[in-house]
Amino acid sequence: MDVERARFNMIEQQIRTWDVLDPKVLNLLNEFPREDFVPESHRALAFVDINIPLAHGQTMMQPKMEARLLQELALTGKDKVLEIGTGSGYLTGLLAHLAASVDTVDIFPDFIEQARQKLAAHGLNNISYFEGDAARGWEGSGPYDAIIITGSVPILPETYKSNLTRNGRLIAVVGEAPVMEAVLVQRLEENSWQQVALFETNLPPLVHAESPQKFVF
């Protein structure tokens, strides 16, 4: 496989066509090697427009989804970021390049350890790793300037919104299959938030995500 040609095609044919046009994001996607974070058995699919299987029934998001969510967070280089769901560690690395610091949390310890090793090998030392179940919230060292939840949630826990700084941004995919949408939440004041729907999508659920109450008749 011609890796650089495949990377170029991924950016031009998948990512740009999904309205990812921020030069800072595009340059990072070109420079930070996605193929290093894909399981060896699926390395040939590193730049294909699919969710790549990971251990524990988890997946690595499509490249265009990772890129679009990263762009929507609008990181400034000064942000303290919380990532819920470390997964492959690739998105963690993208966040770390664009933020001052990243706290990343995963329920699976092997994901944490693999990501730690790979990201350290790339010289990223502004990441703190935590093992735990963050489906209902994660205080960490918050409040945070940006929060991203990498698995879908049927309902968005209020604790995450409350863990944002003023003007902080949160991105999550909310809903249940087949109806889900990516949303951007911004904290305006102490008790005021603004939520914007970005696009419809489908994303595997966050482990132990809270479900809405079901009515029984």
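Values in this text are rule-based calculations from the coordinates and carry no lab data. These numbers come from a predicted model, not from an experiment. Backbone-built Cβ (ideal geometry, glycine too); neighbour counts: all protein chains shown.
Tell me what the chain gives for mean residue ellipticity at 222 nm when only DSSP H runs of n ≥ 4 count, each as -39,500 (n - 2.57), the sum divided by the residue total, rounded to 500 deg cm²/dmol.
Counting only the DSSP helices, I get -7000 deg cm²/dmol.
I'd like to know which of Asn163, Ile127, Ile15 lies farthest towards the positive end of the charge dipole of the chain, counting +1 on Cβ of Lys and Arg and -1 on Cβ of Asp and Glu.
Looking along the dipole axis, the top candidate is Ile15.
Could you go through the range 207-212 in sequence order and give the Karplus-derived ³J(HN,Hα) for each residue, using 6.51 cos²θ - 1.76 cosθ + 1.60 with θ = phi - 60°, rounded to whole Hz, and x for Gly and Pro?
For the range 207-212, the Karplus-derived couplings read 4, 6, 4, 5, 9, x Hz, x marking Gly and Pro.
Under 5 Å between amide hydrogens, which residues at least 5 positions from Asp103 or on another chain qualify, with H placed 1.01 Å from N in the peptide plane?
Amide H neighbours of Asp103, under 5 Å, 5+ apart: Val81, Leu82, Glu83, Ser128.
Given the range 50-201 reduced to its alpha-carbon atoms as identical point scatterers, what log10 I(q)/I(0) does the Debye formula return at q = 0.10, 0.21 Å⁻¹?
-0.31, -1.53
Using the eigenvalues of the Cα gyration tensor, what equivalent ellipsoid semi-axes result for the range 102-168 when each is taken as the square root of five times the eigenvalue, whole Å, largest first?
23, 15, 9
So the label point goes 7 Å from the Cα of Thr165 along Cα→C-beta, right? Which residues of the range 64-83 then have their backbone N under 11 Å from it?
76-81
Give or take rounding to whole Å, what are the principal axis extents of the alpha carbon atoms in the range 39-95, in descending order?
So the extents along the principal axes, rounded to whole Å, are 37, 21, 15.
What does the extension gain come out to for Ala44 and Ser141, with contour length at 0.36 nm per residue minus their alpha carbon separation?
Additional length available on full extension: 31.1 nm.
Find how many whole Å separate the alpha carbon centroid of the range 1-55 from the alpha carbon centroid of the range 147-217.
26 Å
How much of the DSSP beta bridge set in the chain is antiparallel, as a percent to the nearest 5?
Here the antiparallel bridges make up roughly 50 percent for the chain.
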